[in-house]
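In what follows, a single structure is set out as structure tokens and then discussed.
The values are calculated or read from the model by the stated rules, or taken from the named source; none is laboratory data. Not measured: the values here are computed from a predicted model. Cβ atoms come from the backbone with ideal geometry, glycine included; neighbour counts cover every protein chain shown.
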Amino acid sequence: MSQTVRTRPEGSDRALSEAYDTALLDLDGVVYAGGNAIAYAIDSLAAARAGGMHLAYVTNNALRTPGAVAEHLTELGTPTEASDVITSAQAVARLISEQVPAGARVLVIGGEGLRVALRERGLEPVESAEDDPVAVVQGYGGPDLPWGRFAEACYAISRGVPWFASNTDLTIPGARGIAPGNGAAVEVVRIATGAEPQVAGKPLPPMHRETVLRTGAKRPLVVGDRLDTDIEGAFNGEVDSLLVLTGVTDGPQLLAAPPEHRPTYVDTDLRGMLTGQPEVVAAGEGFRCGGWTATAGAERLELEGGGEPMDGLRALCAAAWTAAGDGSCGLDAGKALARLGL
């Protein structure tokens, strides 16, 4: 896929909720963390919906069923139907169903979300390598998933059974901080077996395909907190994206982003869906956004001016991404980000 290398965040003179017909929202780190709503998320979603934007929730977390996720979102204050939720469990179940016979047994290493998704595709979830599975599927099973489940996966995979993973996110945000995600669990099985799974979740094409099939979005906006899943998934799907800084991505990671990890827009939280986005313009040897001007020096990124911190970050993105071209910016940004409180 050939794409123009993004060298700065884009501006928009319209609210993003008006410029796009569907928001494809990540959940963990965007709408909630550890089950609790993130600040401003519920009111922002309500305003976007009232303005006519379709809200769909696209998550790599395969633990819960779409119905359970929808119920949780409704309890938090954003009315949601199960059909509005797309999970990596659904994407991987479709991927498996295209490669095995109808009614085939699949060994599940994960939670109820995987089992429901497999049954939806006419497949039979089983619990043991001795149940003659034709595939192994691994998804996030929560902090209480027994260690012995990884052993079951290894037994089957070592016998030549094909291995699938819902996603490979190494971490997952929670109320107490960042915890190991399904990708960390996948690494356990990979190390023990030497095998490689087929992966369905963001940022890979099976998840994008599942999302488009289930939402019918014509002009979608991907909204996420992770560069390596949400933003790269949007890049792979050739759709626009909004990065919010309420999850795992911080300022240094954003400035060092290679082309596939550079979002179309950047904002603090979901309130960014309800506004236009300021334009970043060339200014001499640097870039200006709002009251800030950023330049790339020989060793570090420099920032002058004042105003809204996010405008300063957008200007820094332009300076860093332009300096990096199709690579990753390695210039020191510590002093500049400290001025912004980031």
Residue match in segment 282-293 (condition: touching a Leu at 6+ places or on another chain (Cβ under 9 Å), loosely packed, with under 15 Cβ neighbours inside 10 Å and not in a strand (DSSP E or B)): no
Residues (assigned to a helix (DSSP H, G or I) and either closer than 23 Å to Ala323 by Cβ or in contact with a strand residue (DSSP E or B) (Cβ under 6 Å, 6 or more places away or on another chain) (or both)) located in segment 233-263: Ala234, Phe235, Gly251, Pro252, Gln253, Leu254, Leu255, Pro259, Glu260, His261
Number of positions in segment 184-205 that are within 18 Å of Thr87 (Cβ to Cβ) and either touching a strand residue (DSSP E or B) at 6+ places or on another chain (Cβ under 8 Å) or basic (Lys, Arg) (or both): 8
Entirely in segment 67-161, the strands (runs of 3 or more DSSP E) that have 2 or more residues that are more than 30 Å from Asn36 (Cβ to Cβ) and touching a helix residue (DSSP H, G or I) at 6+ places or on another chain (Cβ under 8 Å): 105-109, 124-126, 135-138
Some residue of segment 72-79 being crowded, with 19+ Cβ neighbours inside 10 Å, of a type outside the set (Val, Ile, Thr) and in contact with a His (Cβ under 9 Å, 6 or more places away or on another chain): no
Qualifying positions in segment 168-190 - under 16 Å from the mean Cα position of the chain (by Cα) and not hydrophobic (A, V, I, L, M, F, W, C): Thr168, Asp169, Thr171, Pro173, Gly174, Pro180, Gly181, Asn182, Gly183
Those residues of segment 319-337 which are assigned to a loop (DSSP other than H, G, I, E, B) and surrounded by 14 or more Cβ atoms within 10 Å (Cβ to Cβ), in sequence order: Ser328, Cys329, Leu331, Ala333
Segment 211-228, residues that are in a helix (DSSP H, G or I) and either crowded, with 23+ Cβ neighbours inside 10 Å or touching a His at 6+ places or on another chain (Cβ under 9 Å) (or both): Thr211, Thr215, Leu227, Asp228
Residue match in segment 220-227 (condition: free of Cβ contacts under 8 Å to residues at least 60 places away in the same chain, under 30 Å from Arg49 (Cα atoms) and in contact with a helix residue (DSSP H, G or I) (Cβ under 9 Å, 6 or more places away or on another chain)): yes
Every residue from segment 8-38 that is among the acidic types (Asp, Glu) and in a strand (DSSP E or B): Asp28
Ala129 free of Cβ contacts under 8 Å to residues at least 40 places away in the same chain, more than 18 Å from Thr65 (Cα to Cα) and aliphatic (A, V, I, L, M): yes
Qualifying residues in segment 142-161 (those that are touching a strand residue (DSSP E or B) at 6+ places or on another chain (Cβ under 6 Å) and farther than 14 Å from Val186 by Cα) - the one surrounded by the most Cβ atoms within 10 Å (Cβ to Cβ): Ala156
Checking Gly52 against (1) in contact (Cβ under 8 Å) with a residue 60 or more places away in the chain; (2) at positive phi, the condition it does not meet: (1)
Of all residues in segment 242-277 being among the small types (Gly, Ala, Ser) and more than 17 Å from Leu45 (Cβ to Cβ), the one that is surrounded by the fewest Cβ atoms within 10 Å (Cβ to Cβ): Gly276
Unique match (being at pLDDT 95 or above and surrounded by fewer than 17 Cβ atoms within 10 Å (Cβ to Cβ)) among Ile191, Ile231, Ile178: Ile191
Residue in segment 309-318 that is touching an Asp or Glu at 6+ places or on another chain (Cβ under 8 Å), in contact (Cβ under 8 Å) with a residue 24 or more places away in the chain and in a helix (DSSP H, G or I) present: yes
